[in-house]
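Before any comments, here is the structure.
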Amino acid sequence: NKHIISIPELSRDELALIVATAGELKARPNPTLLKNKVIASCFFEASTRTRLSFETAIQRLGGSVIGFPDGGNTSSGKKGETLADSVRVISSYVDGFVMRHPKEGAARLASEFSEGVPVVNGGDGANQHPTQTLLDLFSIYETQGRLDNLNIAMVGDLKYGRTVHSLTQALSKFEGNRFFYIAPDALAMPEHLLDELTAAGHPYSLHSSITDVVPELDVLYMTRVQKERFDESEYAHIKAAFILNAAMLRDAKPNMKVMHPLPRVDEITVDVDKTPHAYYFEQAENGVYAREALLALVLNEQVEGVAQ
Ligand code: CP
C-alpha cells in the first residue's frame with residue numbers, strides 16, 4: 001500500500017502506469033474491482049470535481065464511500081478534535097482515505113496517523129494537488145499520444161496555483177518537454193521550481209502574452225487569476241493579457257488543446273468552448289478514470305490488460 005501525497009514522490013514509471021491503467025479502465029469498465037472496499041472521502045475544503053469524481057470512481061468500481069462533503073462542518077473537528085485523532089479513527093473503518101484540507105502538509109500528517117491505510121491527497125493548501133496532475137497527464141496522453149517532447153504553456157496564477165506546480169514536476173520527469181510560463185509579475189512561477197527544471201535539463205521561458213506563444217504549443221494550460229489580488233487598473237491590464245478568447249487561438253496547431261483544472265471564472269471566454277481546442281470538460285470527466293486507476297493501484301488491485 002502506498003500514500004499519494006505529492007508528485008515528486010512518484011516515479012516516471014509509476015506516473016506512466018497510472019496513465020495506462022486509466023486508459024484501460026476508461027475503455028473497459030470494471031464494476032467489481034473495489035468490491036467490499038470502503039473508502040473515506042473527507043473534504044475539509046470546498047470541491048466539486050475532486051470529491052465527486054473520486055466518489056464516482058469508487059462506486060463505478062463497486063466500492064463504498066463514507067465521509068463528509070461539507071468542509072468538515074459536521075465532523076468532530078468542530079468540537080476541537082485534532083486532525084491526527086480524526087484520521088486515526090476514520091482509518092480504522094476503511095481501506096483507503098481521500099482527503100482535501102486547507103493546510104499545507106495536512107495529507108502528509110494524515111499519512112503518519114492512518115495506521116497503514118493509504119492516504120490520497122485531494123489538495124493541501126497551495127502545496128500539491130497530485131490527483132489533478134494524474135488526470136492532466138492522462139488527458140495530455142489521450143490527446144497528444146505522448147508525455148514527452150511537448151510544448152506546454154501554463155497561464156495565470158503560477159505562484160499560488162498548486163495544479164501548475166504539480167504538473168510541472170510531473171512533466172519534468174519525461175524527456176524533451178519545453179515549458180512556457182505566462183503570468184503577471186506578482187504571480188510568477190516560484191524560483192525553486194524553475195531551478196528544478198534547469199537541473200533536470202528542461203528549457204523554459206517566461207512571457208507576458210498568450211498569443212505570442214500559441215503557434216508553438218501542444219497544450220495551453222489555463223488557471224484562474226484571482227481578481228482580488230489586484231487593484232482595478234492593474235486588473236484591466238491583466239484581463240487583456242491573461243484571459244483567453246477564441247480569436248487568440250487563430251494560429252494554434254490543429255491538435256493544440258486548451259486545458260484548465262476548473263472551476264473557471266472568467267479566464268476562458270465561452271466562445272472557446274465551441275472550438276476544437278477546448279478540452280477542459282473532457283479533462284474533468286477524465287478525473288473519474290484517473291482516480292479509478294489510482295485507487296486500484298494503491299489498494300493493490302490488479303487491472304487486466306496493464307503490465308505492472
Ligand atoms: N480541479 C479541482 O480541484 O476542482 P474542485 O476544486 O472542484 O475539486
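Here, each number is a calculation from the coordinates, and none is a lab measurement. Quantities reported herein were computed from a predicted structural model and do not represent experimental measurements. All Cβ positions, glycine included, derive from the backbone under ideal geometry; neighbour counts span all protein chains shown.
Over the chain, dividing the summed -39,500 (n - 2.57) contributions of all DSSP H runs of at least 4 residues by the number of residues returns a 222 nm mean residue ellipticity of -11000 deg cm²/dmol. Using the average count of surrounding beta-carbon atoms within 10 Å as a protection proxy, the listed peptides 86-95, 278-287 rank, highest first, as 278-287, 86-95. State whether segment 45-134 is rounded, prolate or oblate according to the following rule on the C-alpha gyration tensor (a ≥ b ≥ c being the square roots of its eigenvalues): a/c under 1.5 gives rounded; otherwise a/b larger than b/c gives prolate, and the remaining case gives oblate. The shape class here is rounded. From most to least packed by mean Cβ count within 10 Å, the peptides 178-188, 141-151 give 178-188, 141-151. Size check on segment 10-57: the Cα extents along the three principal axes, sorted descending, read 31, 27, 17 Å.
Here segment 172-308 is treated with +1 on each Lys and Arg Cβ and -1 on each Asp and Glu Cβ, and its dipole about the Cα centre works out to around 220 debye. Within the chain, DSSP assigns beta bridges of which about 5% are antiparallel (rounded to the nearest 5). Measuring nothing but alpha carbons in the chain and taking Rh as the Kirkwood radius, the Rg to Rh ratio lands at 0.97. Annotation: the residues ASP231, ASP136, sorted from fewest to most other C-beta atoms within 10 Å of their own C-beta, follow the order ASP231, ASP136. Pairs over the 20 Å Cα-Cα cut-off, from the set LYS78/LYS103; LYS2/LYS79; LYS227/LYS253; LYS78/LYS227; LYS2/LYS37; LYS26/LYS253: LYS2/LYS79; LYS227/LYS253; LYS78/LYS227; LYS26/LYS253. Near ILE39, once Lys and Arg are set to +1 and Asp and Glu to -1 for all other residues with Cβ below 11 Å from its Cβ, the sum equals 0.
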